[in-house]
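Just below is one structure, and these are the notes that go with it.
The values are calculated or read from the model by the stated rules, or taken from the named source; none is laboratory data. Small disclaimer: the values here were computed from a predicted structure and weren't measured. Glycine also receives a Cβ, built like all others from the backbone with ideal geometry; neighbour counts cover every protein chain displayed. Please note that ligands, DNA and RNA were not included when accessible areas were found on the heavy atoms of the full protein model with its side chains. Shrake-Rupley method; radii C 1.70, N 1.55, O 1.52, S 1.80 Å.
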Amino acid sequence: MAEWVGGCSRLLEPLVEALRRHVMSAEKLHVDDTPVPVLAPGNGKTKTGRLWTYVRDDRPWGDKTPPAVWFAYTPDRKGEHPIAHLREFTGTLQADGYAGYEAVYKGGRVKEAACMAHVRRPFYELYEAHKSAVAKETLERIAALYVIEEEIRGRSAEERREVRNARSRPLLESLKQWFQETLGKLSTKSDTTKAIRYAQGCWSALMRFCDDGHLEIDNNAAERSLRTVVLGRKNYLFCGSDNGGERAAAIYGLIGSAKLNGLNPEAYLREVLSRIADHPINRIEELLPWNLAAELAAKSSRAA
C-alpha cells in the first residue's frame with residue numbers, strides 16, 4: 001500500500017504544485033505544524049519529522065475564492081523551512097508564537113497576526129487544574145470576543161473591521177489593562193504570570209484582526225486541517241522515510257482541499273487518478289477540487 005501511495009503521489013505532483021500556487025497566492029494564510037514519526041535509516045528507530053499546513057480560507061468574510069490547504073514535510077523544525085515555503089507569499093500570516101517565523105516577518109513583506117486560541121489555552125488549562133479566579137475571568141473576557149466573531153461571520157471585510165473596532169477593541173484594551181493590574185498581585189514565576197506574559201508579548205499581532213476584516217481572531221483554520229494528521233498517527237506507526245513524509249504531505253493536501261470544498265475525498269481522488277495521466281499539463285488546474293465539484297456532484301446525483 002505504501003508503494004501505491006508513492007506511485008500516486010508521483011503522478012499527482014503537477015496537481016499538488018498547482019494547489020501550492022493557489023494557496024500561496026492568497027493575501028492571508030493560516031500556518032501550523034505537527035510532529036510525525038519517521039523511520040530513521042539504519043538503526044530501526046524513529047526520528048521526528050514535521051508536517052506543515054498552509055491554509056487559504058477567506059469564506060468567513062464572504063469571499064468566493066475556493067479554500068484550500070497545502071502540506072509540506074520537513075525532516076526537522078528549523079526556521080529555514082517556513083522561510084522556504086513562504087518565499088513567494090506576500091500578505092499576513094496567522095500563526096502561533098513559534099520563533100522560527102520571526103525571520104519570515106523581517107523586512108515587512110509578511111505581517112504577523114497572532115492567535116487568540118493560543119492565548120486562551122493556558123488559561124483554560126489553569127482553570128481546569130486549579131479553578132483559578134484569574135483564569136476564569138480571562139476566559140469570560142475572551143468568550144465575549146468570540147460572541148462578536150460569531151455574529152459577524154460571513155459579513156464583508158469592511159463591516160467586520162467596523163464592528164471589531166467599535167466592540168472588540170474596547171474589550172481588548174480593557175483586558176490588556178486588567179492583565180497589567182493582575183500581574184502586580186502574582187508571583188513572577190507562577191503559571192498564570194507566564195500565561196499573561198505570553199499574551200502581552202504578542203499583543204500588537206493579537207490586535208491586528210481589529211484593523212483588518214480579512215483576518216480571523218485565531219488560527220483555528222490551520223489547527224482543523226491537522227486533525228487528519230493527528231488521527232492518522234493513531235492508525236499507523238510511522239512514515240517509512242523522508243520520502244514517505246513528502247508523499248504523505250502531497251496526499252494530505254489534496255484530501256484536505258477536497259474536504260474544504262465539500263467533496264468526498266475518495267471520489268475526488270478516484271476521478272483525478274483516472275484522468276491525470278492523459279490530462280494536458282498546461283491545464284492541470286482543471287483537476288483541482290473546486291473545478292471538479294459540479295461534475296462530481298452530477299455523477300453522485302445520477303448514481304443515487
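Can you tell me which of R155, R197, R169 is in a helix (DSSP H, G or I), closer than 27 Å to V55 by Cβ and among the charged types (D, E, K, R)?
R169
What residue, among those in region 73-118 that are among the polar types (S, T, N, Q) and buried (at least 19 other Cβ atoms within 10 Å of the Cβ), is farthest from I217 (Cα to Cα)?
T74
Please go through region 38-62 and give me each residue that is open to solvent by less than 60 Å² (accessible area, probe 1.4 Å), more than 17 Å from A222 (Cα to Cα) and free of Cβ contacts under 8 Å to residues at least 60 places away in the same chain, ordered by number.
Within region 38-62, just A40 meets the criteria.
Quick check: is even one residue across region 91-106 assigned to a helix (DSSP H, G or I) and among the aromatic types (F, W, Y)?
yes
Within the group D191, D242, D212, D218, which residue is over 23 Å from H30 (Cα atoms) and in contact with a strand residue (DSSP E or B) (Cβ under 9 Å, 6 or more places away or on another chain)?
Sole residue among the options that is over 23 Å from H30 (Cα atoms) and in contact with a strand residue (DSSP E or B) (Cβ under 9 Å, 6 or more places away or on another chain): D242.
Are any of the residues in region 147-168 over 28 Å from K28 (Cα atoms) and surrounded by fewer than 17 Cβ atoms within 10 Å (Cβ to Cβ)?
Taking every residue of region 147-168 in turn, none turns out to be over 28 Å from K28 (Cα atoms) and surrounded by fewer than 17 Cβ atoms within 10 Å (Cβ to Cβ).
The conditions are (1) under 30 Å from T182 (Cα atoms); (2) in a strand (DSSP E or B), and V134 fails exactly one of them. Which is it?
Every listed condition holds for V134 apart from (2).
So R121 passes all but one of these: (1) more than 26 Å from I255 (Cα to Cα); (2) within 21 Å of the chain's Cα centre (by Cα); (3) surrounded by 15 or more Cβ atoms within 10 Å (Cβ to Cβ). Which condition number does it fail?
(3)
Could you say whether any residue in region 205-213 is assigned to a helix (DSSP H, G or I), touching a His at 6+ places or on another chain (Cβ under 9 Å) and either aromatic (F, W, Y) or modelled with pLDDT of 95 or more (or both)?
Within region 205-213, not a single residue is assigned to a helix (DSSP H, G or I), touching a His at 6+ places or on another chain (Cβ under 9 Å) and either aromatic (F, W, Y) or modelled with pLDDT of 95 or more (or both).
Among the residues of region 1-43, write down those that are of a type in the set (D, E, K, R) and in a strand (DSSP E or B).
Passing the criteria: K28, D32, D33.
Anything in region 1-43 that is out of contact with any helix residue (DSSP H, G or I) (no Cβ under 9 Å at 6 or more places or on another chain), closer than 22 Å to G79 by Cα and modelled with pLDDT under 95? List them, or say none.
The answer is A40, and nothing else.
Being touching a Leu at 6+ places or on another chain (Cβ under 7 Å) and farther than 25 Å from I148 by Cα is the filter; apply it to region 170-205 and report the residue that is most open to solvent (accessible area, probe 1.4 Å).
Across region 170-205, the extreme among qualifying residues is D191.
When you look at L231, is it at pLDDT 95 or above and assigned to a helix (DSSP H, G or I), yes or no?
No, not satisfied.
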